[in-house]
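The values are calculated or read from the model by the stated rules, or taken from the named source; none is laboratory data. This one's a predicted model, so the numbers in the text were calculated from it and none came from an experiment. Glycine also receives a Cβ, built like all others from the backbone with ideal geometry; neighbour counts cover every protein chain displayed. These accessible areas exclude ligands, DNA and RNA; they are computed on the full protein's heavy atoms, side chains included. Shrake-Rupley method; radii C 1.70, N 1.55, O 1.52, S 1.80 Å.
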Amino acid sequence: MRNITWDEFIKVEIRVGTIIEVNDFPEAINPAYQLKVDLGKEIGIKQSSAQITDLYSKEDLIGQQVIVVANLSPKKIGPFISDCLVTGFYTKNKAVVLVVPDKKIANGSLLA
(Lines give C-alpha, C1' and ligand atoms only; values in the text may rest on other atoms or scores of the structure.)
Protein backbone atom coordinates (compact mmCIF):
# COMPACT_ATOMS: atom_id res chain seq x y z
CA MET A 1 0.00 0.00 0.00
CA ARG A 2 1.24 3.47 -0.89
CA ASN A 3 0.34 6.31 1.49
CA ILE A 4 -1.02 9.54 0.06
CA THR A 5 -0.90 12.97 1.57
CA TRP A 6 -3.89 14.80 2.99
CA ASP A 7 -3.56 17.32 0.14
CA GLU A 8 -3.90 14.47 -2.37
CA PHE A 9 -6.92 13.00 -0.60
CA ILE A 10 -8.91 16.23 -0.38
CA LYS A 11 -8.77 16.55 -4.17
CA VAL A 12 -11.02 13.48 -4.48
CA GLU A 13 -14.73 14.33 -4.39
CA ILE A 14 -16.55 11.34 -2.95
CA ARG A 15 -20.29 12.02 -3.18
CA VAL A 16 -23.63 10.27 -2.94
CA GLY A 17 -25.94 9.94 -5.93
CA THR A 18 -29.04 8.04 -6.99
CA ILE A 19 -29.05 5.70 -9.97
CA ILE A 20 -31.81 6.92 -12.29
CA GLU A 21 -31.16 4.87 -15.42
CA VAL A 22 -29.54 1.51 -16.16
CA ASN A 23 -28.79 0.13 -19.60
CA ASP A 24 -27.06 -2.98 -20.85
CA PHE A 25 -23.55 -2.40 -22.22
CA PRO A 26 -23.05 -5.12 -24.85
CA GLU A 27 -19.87 -3.47 -26.22
CA ALA A 28 -18.05 -3.82 -22.87
CA ILE A 29 -15.26 -6.40 -22.74
CA ASN A 30 -16.48 -7.57 -19.31
CA PRO A 31 -20.22 -7.67 -18.48
CA ALA A 32 -21.28 -4.20 -17.36
CA TYR A 33 -24.13 -1.73 -17.16
CA GLN A 34 -24.23 1.88 -18.29
CA LEU A 35 -25.53 3.92 -15.36
CA LYS A 36 -26.88 7.45 -15.08
CA VAL A 37 -26.42 8.83 -11.58
CA ASP A 38 -28.17 11.94 -10.22
CA LEU A 39 -25.68 13.92 -8.15
CA GLY A 40 -28.03 16.79 -7.30
CA LYS A 41 -28.66 20.25 -8.72
CA GLU A 42 -25.09 21.54 -8.32
CA ILE A 43 -23.41 18.68 -10.23
CA GLY A 44 -26.26 17.16 -12.25
CA ILE A 45 -26.37 13.78 -13.95
CA LYS A 46 -23.18 11.81 -14.53
CA GLN A 47 -22.71 8.47 -16.20
CA SER A 48 -20.61 5.48 -15.33
CA SER A 49 -19.83 2.03 -16.66
CA ALA A 50 -20.08 -0.47 -13.82
CA GLN A 51 -19.16 -4.15 -13.78
CA ILE A 52 -21.87 -5.06 -11.29
CA THR A 53 -24.00 -7.49 -13.31
CA ASP A 54 -23.14 -10.52 -11.13
CA LEU A 55 -25.03 -9.30 -8.06
CA TYR A 56 -27.44 -6.64 -9.34
CA SER A 57 -30.25 -6.60 -11.87
CA LYS A 58 -31.20 -3.41 -13.68
CA GLU A 59 -34.41 -3.31 -11.64
CA ASP A 60 -32.46 -3.62 -8.35
CA LEU A 61 -30.38 -0.57 -9.24
CA ILE A 62 -33.04 2.02 -10.15
CA GLY A 63 -33.44 4.36 -7.18
CA GLN A 64 -30.41 2.93 -5.35
CA GLN A 65 -28.15 5.50 -3.73
CA VAL A 66 -24.45 4.86 -4.32
CA ILE A 67 -21.11 6.40 -3.43
CA VAL A 68 -19.20 7.80 -6.39
CA VAL A 69 -15.94 9.55 -7.14
CA ALA A 70 -17.45 12.55 -8.90
CA ASN A 71 -14.42 14.44 -10.16
CA LEU A 72 -12.54 11.91 -12.27
CA SER A 73 -11.59 12.89 -15.78
CA PRO A 74 -13.90 11.29 -18.36
CA LYS A 75 -12.80 7.86 -19.59
CA LYS A 76 -13.84 6.43 -22.94
CA ILE A 77 -14.91 2.80 -22.66
CA GLY A 78 -15.72 1.64 -26.18
CA PRO A 79 -18.42 3.99 -27.47
CA PHE A 80 -19.33 5.16 -23.93
CA ILE A 81 -17.90 8.03 -21.86
CA SER A 82 -17.74 7.33 -18.13
CA ASP A 83 -17.41 10.54 -16.09
CA CYS A 84 -17.70 9.24 -12.53
CA LEU A 85 -16.71 6.07 -10.67
CA VAL A 86 -19.36 4.11 -8.81
CA THR A 87 -17.55 2.49 -5.87
CA GLY A 88 -17.68 -1.08 -4.67
CA PHE A 89 -15.72 -3.92 -3.14
CA TYR A 90 -14.67 -7.18 -4.80
CA THR A 91 -15.85 -10.45 -3.28
CA LYS A 92 -13.66 -13.57 -3.32
CA ASN A 93 -15.35 -14.48 -6.62
CA LYS A 94 -14.58 -11.04 -8.14
CA ALA A 95 -18.21 -9.89 -8.04
CA VAL A 96 -18.64 -6.26 -6.98
CA VAL A 97 -20.68 -5.23 -3.93
CA LEU A 98 -21.69 -1.57 -4.15
CA VAL A 99 -20.76 0.97 -1.49
CA VAL A 100 -24.02 2.57 -0.34
CA PRO A 101 -25.08 4.94 2.46
CA ASP A 102 -27.04 3.25 5.25
CA LYS A 103 -29.52 6.15 5.38
CA LYS A 104 -31.08 8.28 2.63
CA ILE A 105 -29.09 11.48 2.07
CA ALA A 106 -29.31 14.39 -0.37
CA ASN A 107 -27.81 13.66 -3.78
CA GLY A 108 -24.47 15.38 -4.22
CA SER A 109 -23.59 15.27 -0.50
CA LEU A 110 -19.82 15.22 -0.03
CA LEU A 111 -18.09 12.60 2.10
CA ALA A 112 -17.23 14.12 5.48
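Table for the structure above
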item: Distant-in-sequence amide H partners of VAL99 (H built 1.01 Å from N, under 5 Å); result: ILE67, THR87, GLY88, PHE89
item: Carbon + sulfur, % of accessible area of the chain - ligands and nucleic acids excluded, 1.4 Å; result: 55
item: Gyration tensor (Cα) of the range 61-112, equivalent ellipsoid semi-axes in angstrom; result: 20, 18, 10
item: Assigned charges on the beta-carbon of Lys, Arg, Asp, Glu; the chain dipole about Cα centre (debye); result: 180
item: Gain on full stretching of the segment that runs from THR91 to GLU27 - 0.36 nm per residue minus C-alpha separation; result: 20.6 nm
item: ILE45 long-range amide H proximity, modeled H, under 5 Å; result: LEU39
item: The range 18-112: C-alpha gyration tensor shape, a/c 1.5 cut-off, then a/b vs b/c; result: oblate
item: Residues of the chain: accessible area per residue with a 1.4 Å probe, Å²; result: 67
item: Mean separation of Cα contacts under 8 Å, 6 or more apart, over the residue count of the chain: relative contact order %; result: 31
item: Convex hull of Cα atoms in the range 1-47, direction-averaged projection (nm²); result: 5.4
item: Prolate/oblate/rounded call for the range 36-76, Cα gyration tensor, a/c under 1.5 rounded; result: oblate
